[in-house]
Each structure stands twice: as structure tokens, then as C-alpha cells.
Amino acid sequence: MNPPEKTVFFVDVDDTLFDNDHFEHQLRLFLDERFGRHGRDTYIRIFEDLRAGEGFADFLGAAQRFRIVMDEHPSTMGLSFFLRDFPFALGLYPHALNVLSRLSDQGTPVILSDGDAFFQPHKIDRCGIRAAVADRVRIFVHKETRLDRLEQEFPASHYVLIDDKSRILSAVKREWKNRVTTIWVRQGHYARDPAVSATDPPPDRTIERIGDLMDLTHLPTGTWG
């Protein structure tokens, strides 16, 4: 086992560092322009069915099913190119990379994300997040179920979890209790939905945007100054 770090920061990606709502909006515009309203709605229905079943956003899985539904029409390759070539760096929230640099001064930042095996790593790499954390990127289907594994790989005297989903924060808090400080970033549609944001236990701290972490102070014992 590696020697324990003083503090490890686990940082989410979608709607925490990266404006995934904006990306989905741009995707809808592309689908509407390329395939019309019916094609757009077909892809969205497939995508939402997959998200409900898999528990994460599977854009590539939806693209594959969409291709079949569209009778493998050559035009569907355009969707593949859109997902591959999207300018992900432009989707970062203001100061996102600066925050990761600041966290590096306080401890060890680790990207902790849900997602698929290709598109999510591709996005994290293309937008500069992977390089900002020296390749410390971990992507799971359900990250809150991998806490034992994360403890073994990143032993620390204290953990900080930064996420836009309060249910994830609560699940980890119930498991790690006072060993973790949970920070809720109220960005994106999950954070704005009262039906999914009222969780128990509540987050230890709430901020309105990821850039607010530029004002953090030193975290020696797990209590924010």
C-alpha cells in the first residue's frame, strides 16, 4: 500500500468541472439539424432508456443503437464525428483547471467519475483534466460502490469529495462519516432539482460554482477554515 497522503480530493467531472448540460444542449441542436425532430427525439429516447438502465450517460451506446434504428444509414457517422471532435475544453466551467491546480497545493486531487469505457475518458483527456491531475482519473459505473478500492489505492488521513449530486455525497458520507468532507457544487440540472437534491445526511458545505473553491483555505484536519 502507498503511504497515506494527508488529504485526497475526489473531484467529479460532469456538471462539476465540465458543463455537461451545455454539451447535451449542443448535441440536441446537432441531432435536430442533421436528423430532424423525429431523429433527435429517437436518439434522446434511446439515450434516456440507457441512462435509466445503466445508471450513467452512455452517449456512444445510444449512438450505436441509434445507428441500428436508422437502418445503418451513412449519415449516422456524423454523430460519431460530433462525439469525437466536440471542443470539450470549451465546456469547462470557469477556473476548473485552476481549482485542480489549487487542490494540488493542498493535497492530492483525483478525478472520480461515473461513465462508460471510452467516451468519458476521451472527454476527460480532451478537455485537459487528465493532464491537470497527472493521470489520476478513475471512472466507474457506480463510483459510490468503489470506496474500499479507492481507500486502498489512495490512502489518506482525510478525504474531500466534490460533486454536483447530493445523493452521491450522502452515500459516501454514510460510509466514511467524519473521514470525509463533502462539498456540493450547485451546478447543473441535478443540483437544481429539489426532488433529487434533498438528501440525508446533507453536504458538509455547499458552493454555487466550482470556481468558489479558489477561495479555499488549508485543510489540515478535515474542517474547512
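Every number in this text was worked out from the coordinates using simple rules, so none of it is lab data. What you see is a predicted model; the values in this text were computed from it and never measured. Note: ideal-geometry Cβ built from the backbone for every residue, glycine included; neighbour counts use all protein chains shown.
Sticking to Cα atoms, compute the Rg of segment 1-149 to one decimal and its Dmax as the biggest Cα-Cα distance, whole number, in Å.
17.1, 55
Return the distance in nm (one decimal) between the two label points of a simple spin-label model at D41 and R146, each offset 7 Å from Cα along Cα→Cβ.
My value for the distance between the label points is 3.7 nm.
Roughly how many nanometres apart are two label points built 7 Å out from the Cα toward the Cβ at F118 and R209?
It works out to 3.5 nm between the two label points.
Using a 10 Å Cβ count of at most 12 others and DSSP loop calls, identify the longest part of the chain lacking such GluC sites (Glu not before Pro).
The longest uninterrupted stretch comes out as 73-207.
Among H73, H189, H95, determine the one that fluctuates most according to a GNM of the chain built with springs between C-alpha atoms less than 10 Å apart.
H73
Among bridges DSSP assigns within the chain, what percent are antiparallel (round to 5)?
Approximately 5 percent, going by the DSSP bridge assignments.
Apply the Karplus curve 6.51 cos²θ - 1.76 cosθ + 1.60, θ = phi - 60°, to the phi angles in segment 94-104 and return the couplings in whole Hz, x for Gly and Pro.
Running phi through 6.51 cos²θ - 1.76 cosθ + 1.60 with θ = phi - 60° gives x, 6, 4, 5, 5, 4, 4, 5, 5, 5, 5 Hz.
Once Rh is set to the Kirkwood radius over Cα pairs, what Stokes-Einstein translational diffusion coefficient, in µm²/s, holds for segment 20-88 at a temperature of 4 °C and a viscosity of 1.567 mPa s?
Answer, rounded: 107 µm²/s.
Ignoring chymotrypsin sites (Phe, Trp or Tyr not before Pro) that are buried or in helix or strand per DSSP, and keeping those with at most 15 other beta carbon atoms within 10 Å, what is the longest stretch of the chain between them?
In short, 1-117.
Taking amide H positions as placed 1.01 Å from N in the peptide plane, with prolines and chain starts having none, which residues 5 or more places from V160, or on another chain, fall under 5 Å of its amide H?
The list, which skips near neighbours in sequence, is V8, F9, F10, T181.
Report the full-extension gain for the segment E72 to R179: residue separation times 0.36 nm, less the Cα-Cα distance, to one decimal in nm. Numbers along the way, then the final one.
Numbers: separation 107, 0.36 × 107 = 38.52 nm, distance 5.08 nm.
Length difference between fully extended and current span is 33.4 nm.
Full extension from E54 to F82: what is 0.36 nm times the residue separation minus their Cα-Cα distance, to one decimal in nm?
7.8 nm
Spelling out what I want: for every residue of segment 177-185, take phi, set θ = phi - 60°, compute 6.51 cos²θ - 1.76 cosθ + 1.60 (Karplus), and round to whole Hz; glycine and proline get x.
These are the phi-based 3J(HN,Hα) values: 6, 6, 7, 10, 9, 9, 10, 9, 9 Hz.
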